[in-house]
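Notes for the one structure printed next.
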Amino acid sequence: MPLNNNNNKNRTYKLKNPSLEFYCPLCSQKRYVKYRSKLSNKNYLQLSVASLFAVSVLFPYVKQKSMDYTLIIVFVFAMWCCYEMIIKLFHRKELPCPHCGFDMTWYRRDVRMAKKLVKDFWQNKNSQQQQDQKEQITPATTTPLSTTTTTTATATATLKK
């Protein structure tokens with residue numbers, strides 16, 4: 001059994017129901033993405049149920065105020081746009097590789113920016129690892145100042161008696 005178990009930090013866990021499986025082009029780690037950039041049949045079903053619910057809630061209010069029914073239609077389309085935007089944001093959030101920082105959408109748009117993002121990712125990761133190593137070493141070698149002052153104060157008090 002290995003003493004140092006740091007490999008678990010870099011392990012890629014399998015996602016239960018991924019919509020897409022691929023390998024990162026930079027670090028060759030297997031990646032799983034749960035959300036797609038486009039709406040699936042399940043999403044359309046969810047959206048239609050939510051729209052029917054909203055229409056059933058809004059219909060008596062609109063009828064009572066004798067307003068135009070186009071308000072309900074506009075509300076349904078606005079809800080559809082918001083739903084699609086949220087799905088796209090979830091997809092966009094999952095794309096950057098957590099192991100190397102490579103983002104394929106930035107690579108398609110601007111190669112220099114993609115290189116800069118990967119470089120920044122590794123600088124942040126290396127500085128964080130160095131801080132973690134310092135924190136592991138520091139508490140074991142030093143004692144807090146408050147405990148040393150209280151022990152010296154009690155020692156001098158006992159000597160005076």
**Prompt:** Taking a threshold of 26 Å on the Cα-Cα distance, which of the pairs LYS16/LYS38; LYS16/LYS115; LYS14/LYS116; LYS16/LYS93 fall above it?
**Reply:** LYS16/LYS115; LYS14/LYS116
**Request:** Using per-residue counts of other Cβ atoms within 10 Å, averaged over each peptide, order 23-35, 108-120 from highest down.
**Result:** 23-35, 108-120
**Request:** Binning at 10 Å from 0, report for the stretch 12-95 what percent of all alpha-carbon pair distances ends up in each bin.
**Result:** 15, 34, 23, 15, 9, 4, 0
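Any read-out appearing in this document is the output of simple, stated calculations on the displayed coordinates, not a laboratory observation. Please read these numbers as outputs of a predicted model, since none were measured by experiment. Using ideal geometry, Cβ is built from the backbone for each residue, glycine included, and neighbour counts are taken over all protein chains shown.
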